[in-house]
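A.B. asks: I have a structure I would like to understand better, so I am pasting it below and will then ask my questions one at a time.
The values are calculated or read from the model by the stated rules, or taken from the named source; none is laboratory data. Keep in mind that what you see is a predicted model, and the values were worked out from it rather than measured. For neighbour counting, all protein chains shown are included, and Cβ atoms are generated from backbone atoms with ideal geometry for every residue, glycine included.
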Amino acid sequence: MLWENLREEEFKEAIEKSNGVCIVPVGCLEKHGQHLPVGCDTIIGAGVCEKAAELEYAVVFPTMFFGEKTGAGEFPGTVIFSAKLRWDILNETCKEIARNGFKKILLVSSHGGNGAMLGNFSRSVLYEKNEYMVFETNCGDHLVDAIAEEGRYDYLTDEDRKYIRDFVESGKRWGHAGIRETSLTYAIRPETVRLDKVSQEDGLSTHRFDAFMDMQIGSPFTWMANYPNSYGGHPHEGVNERIAKALFEHNAEVLAKRIKFLKEETISNEYQKEWLAKQK
């Protein structure tokens, strides 16, 4: 259920039905090659979260557009917010979600660059010793070959399954703006995808910063330097409506399982009480 679609008198029932779980999609606005819209991550986050919440009831908060994109301002359409503002928005949002009665908030990232930001934020919430909890996860399953298993998604043809298997087994990359993100966006908003432009730019690594990766030294320039076109994947013109639908359904199913777990588990509640008691 979408938060904004609830009427005031429906929130009590929604909180009970969701067992106090609210999920927040967190994307960003950035270039995704020439074949996907700059809102690709946000489209995916909103679409997968909404579908997952249909499979396993939860309340979905309006999608966040302010993902971590520092340093990528050379591309038109990219929107960059300061680290402090991002933290403040997340903090105020979670406080308001909790004030309205939700005690478990699941931040769902649909942009790879959000991982460290959301992990840091979820831990920083402990500083104020709140009675609500913040968790974070990604937007489903990053692997694409799961849909090629026999017996699943019977609308896929043998050719579809072979295409996916060959793509994966040949070692092709499916990262940023790759086959997964193209498929998910195509399933949710097909009118925004230009499959004829999948190969317009090079999505393979320049390997300029591979030495840093080999030495396990983090650098803010590694991804940008290795993928200067803001595209990190092999060409994938073979995407079609069936493959897109299967990947979308698979990712929603994976996220729905995580929502179900969070609704039913009590370990975090028990430990939170113990932890709060120690702080006093």
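A.B. asks: Of all helices (runs of 4 or more DSSP H) completely enclosed by the range 23-135, which ones contain at least 2 residues that are among the charged types (D, E, K, R)?
C.D. replies: 40-55, 83-99
A.B. asks: Just wondering, is there one or more residues in the range 227-246 that are exposed (fewer than 15 other Cβ atoms within 10 Å of the Cβ), in contact with a Gly (Cβ under 7 Å, 6 or more places away or on another chain) and more than 30 Å from Glu54 (Cβ to Cβ)?
C.D. replies: no
A.B. asks: Let me ask something additional. Arg152 versus (1) in a helix (DSSP H, G or I); (2) modelled with pLDDT under 95; (3) over 30 Å from Trp87 (Cβ atoms); (4) among the charged types (D, E, K, R): which is the lone unmet condition?
C.D. replies: Arg152 satisfies every listed condition except (1).
A.B. asks: With (1) modelled with pLDDT of 95 or more; (2) within 22 Å of Asn114 (Cα to Cα) as the list, and Val144 as the residue in question, which single condition is left unmet?
C.D. replies: Failing condition for Val144: (1).
A.B. asks: If only one of Ile43, Ile15, Ile23 is farther than 25 Å from Tyr186 by Cα and either surrounded by fewer than 17 Cβ atoms within 10 Å (Cβ to Cβ) or modelled with pLDDT of 95 or more (or both), which one is it?
C.D. replies: None of the other options fit; the residue is Ile15.
A.B. asks: Something else: Hey, could you check the range 167-191 for residues that are among the polar types (S, T, N, Q) and buried (at least 17 other Cβ atoms within 10 Å of the Cβ) and say which is nearest to Ala146 (Cα to Cα)?
C.D. replies: Applying the filter and picking the extreme gives Ser183.
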